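*Asks:* Would you mind keeping the following structure in view while I ask a few things?
Derivation of every value follows stated rules applied to the coordinates shown; laboratory data play no part. Here the structure is a predicted model, which is why all the values come from computation and not from measurement. Every residue, glycine as well, gets a Cβ built from its backbone with ideal geometry; the counts of neighbours run over all protein chains shown.
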Amino acid sequence: MPRYRLTLEYAGTRYSGWQIQANAKTVQGELHRALKTVLGTDRFDTYGSGRTDAGVHALGQVAHLDAATLPPPATLVLRVNDALPADINVLAAGRVSPRFHARHSVVRRSYLYQIARRRTAFAKPLVWWVRDPLNLDRMREAAGAFLGLRDFRAFTDDEPEEKSTKVLLEDVAIVEDGALLLVRVVGSHFLWKMVRRLVGVLVEAGAGRLSADEVARLLTARSDLPARLTAPSSGLFLECVLYDERETLPPIGSVMRIERPRD
């Protein structure tokens with residue numbers, strides 16, 4: 001059975017996440033509806049690189065598609081996009097080995113979070129507006145505690161008894177882009193709500209309400225603080241999924257630039 005690798009972008013605002021759910025509108029559900037229209041059958045399967053939560057966006061979600069017969073990749077992209085809503089778009093499709101798996105073949109993932117430092121009339125669904133002044137040096141110092149193999153049980157609602165809460169983070173980068181602060185988190189995999197809670201904690205550090213030492217202690221003690229600081233889903237993007245150790249991430253850039261106010 002042919003297997004295609006699909007790369008998709010989507011605005012997650014209207015959706016209850018990636019994965020198909022019985023009584024909710026999801027990105028995968030809309031993709032299946034479009035594929036059924038294009039292929040004329042529901043005898044196919046898709047598998048995503050990972051779930052994105054309700055309201056979370058993607059710049060480069062990857063899925064594989066298995067079907068008995070498939071049109072050429074370029075034709076598939078055109079026809080599926082014609083059948084998809086405007087806030088979901090297939091960027092590319094290509095034939096891959098049956099051994100390729102959208103989730104199990106991943107070597108690293110990156111998430112991007114956009115923090116707005118001013119009110120914006122246009123980008124509210126794509127950012128978290130933080131009114132407090134944020135100190136980048138404090139945020140970067142606090143982010144150092146997350147690097148390496150760490151136990152993020154305080155940063156997720158996953159059950160440690162059912163699933164390991166240890167995650168290897170390669171990088172947490174924080175950069176300025178106009179009126180935005182961009183937080184990129186790169187790791188082997190991610191837990192449910194982990195990135196949003198990590199960002200919420202970094203914002204508290206940047207606002208001066210948490211020290212770097214206090215942030216580090218959240219990784220070694222039980223605490224409900226990260227849950228109470230969970231950042232909204234609006235600012236979070238699944239940025240990139242890599243399947244080859246030699247691949248490199250793109251330069252960090254905002255999805256929608258927001259200029260600083262002029263005097």
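*Asks:* Longer than 24 Å from Cα to Cα, which of Lys36/Lys163; Lys25/Lys166; Lys166/Lys193; Lys163/Lys193 are they? Say none if no pair is.
*Replies:* Exceeds cut-off: Lys36/Lys163; Lys25/Lys166.
*Asks:* Let me ask something else. Starting from 0.36 nm per residue, how many nanometres of slack lie between Trp192 and Arg14 once their C-alpha separation is accounted for?
*Replies:* 62.1 nm
*Asks:* Can I ask one more? Taking a cut-off of 19 Å, what percent of all Cα-Cα pairs in segment 3-96 are separated by more than that?
*Replies:* When all Cα pairs of segment 3-96 are counted, 31 percent exceed 19 Å.
*Asks:* Which value, in debye to the nearest 20, gives the size of the charge dipole of the chain about its Cα centre, when Lys and Arg are +1 and Asp and Glu are -1 at the Cβ?
*Replies:* It works out to roughly 380 debye.
*Asks:* Can you find, among Thr52, Val172, His32, the residue sitting farthest towards the positive end of the charge dipole of the chain, where Lys and Arg contribute +1 and Asp and Glu -1 at Cβ?
*Replies:* His32
*Asks:* Shifting gears a bit: With the Cα gyration tensor of segment 108-242 giving a ≥ b ≥ c as the square roots of its eigenvalues, does the rule (a/c under 1.5 for rounded; else a/b larger than b/c for prolate; else oblate) give rounded, prolate or oblate?
*Replies:* Here segment 108-242 falls in the prolate category.
*Asks:* Which longest uninterrupted range of the chain lacks any GluC sites (Glu not before Pro) assigned by DSSP to a loop state (not H, G, I, E or B) and surrounded by at most 15 other Cβ atoms within 10 Å?
*Replies:* Result for the longest clean stretch: 1-160.
*Asks:* Here's another thing I want to ask about it. Determine the calculated [θ] at 222 nm for the chain from helices alone, applying -39500 (n - 2.57) to every DSSP H run no shorter than 4 residues and normalising by the residue count; nearest 500 deg cm²/dmol.
*Replies:* -6000 deg cm²/dmol, from helical runs alone.
*Asks:* Once you keep just the Cα pairs under 8 angstrom separated by 6 or more residues, what percentage relative contact order results for segment 53-147?
*Replies:* 18 percent
*Asks:* Please report the antiparallel percentage of DSSP beta bridges with both residues in the chain, rounded to the nearest 5.
*Replies:* Here the share of antiparallel DSSP bridges comes out near 90 percent.
*Asks:* P(r) of the chain in 5 Å steps, Cα pairs, percent per bin?
*Replies:* 1, 6, 12, 17, 17, 16, 12, 9, 6, 3, 1, 0, 0
*Asks:* Roughly how many Å is it from the Cα centre of segment 1-70 to that of segment 161-215, as a whole number?
*Replies:* Using only Cα atoms, the two centres lie 27 Å from each other.
*Asks:* Quote the relative contact order of segment 3-96 in percent (integer), defining contacts as alpha-carbon pairs under 8 Å separated by 6+ residues.
*Replies:* Relative contact order for segment 3-96 comes out at 45 percent.
*Asks:* Put +1 on the Cβ of each Lys and Arg and -1 on the Cβ of each Asp and Glu in segment 108-242; which of Ala142, Leu202, Thr156 then has its Cα farthest toward the positive end of the dipole?
*Replies:* Result: Leu202, furthest along the dipole toward the positive end.
*Asks:* Given charges of +1 on the Cβ of Lys and Arg and -1 on the Cβ of Asp and Glu, with all other atoms neutral, how large is the dipole of segment 108-242 about its Cα centre, in debye to the nearest 20?
*Replies:* It comes to approximately 380 debye.
*Asks:* Right, another one. Test of understanding: extend the Cα→C-beta vector of Asp42 to 7 Å, then name every residue of segment 1-19 with backbone N under 18 Å from that spot.
*Replies:* From segment 1-19, the list is 19.
*Asks:* For segment 3-96, with the dipole built from +1 on Lys and Arg beta-carbon atoms and -1 on Asp and Glu ones, taken about the Cα centre, which of Ala93, Pro72, Asn23 lies farthest toward the positive end?
*Replies:* Of the listed residues, the answer is Pro72.
*Asks:* Please report, in debye to the nearest 20, how large the charge dipole of segment 3-96 is about its Cα centre when each Lys and Arg carries +1 at its beta carbon and each Asp and Glu carries -1 there.
*Replies:* 160 debye
*Asks:* Okay, next question. Give the cross-link partners of Lys124 among the aspartates and glutamates, using a straight C-alpha distance below 19 Å as the criterion and excluding same-chain residues fewer than 8 apart.
*Replies:* Cα-Cα hits under 19 Å: Glu9, Asp53, Asp87, Asp132, Glu176, Asp177, Glu239, Glu259.
*Asks:* A follow-up question, please. With springs only between Cα atoms under 10 Å, which of Asn23, Asn135, Asn81 fluctuates most in a Gaussian network model of the chain?
*Replies:* Asn23
*Asks:* Give me the percent relative contact order of the chain, please, defined on Cα pairs under 8 angstrom at least 6 residues apart.
*Replies:* 23 percent
*Asks:* Listing His57, His104, His189, His64 from the residue with the fewest other Cβ atoms within 10 Å to the one with the most, what is the order?
*Replies:* Ascending Cβ contact count within 10 Å gives the list His104, His189, His64, His57.
*Asks:* Just the Cα atoms of segment 196-249: what Rg and Dmax do they give in Å?
*Replies:* When restricted to the Cα atoms of segment 196-249, Rg and Dmax are 14.5, 40 Å.
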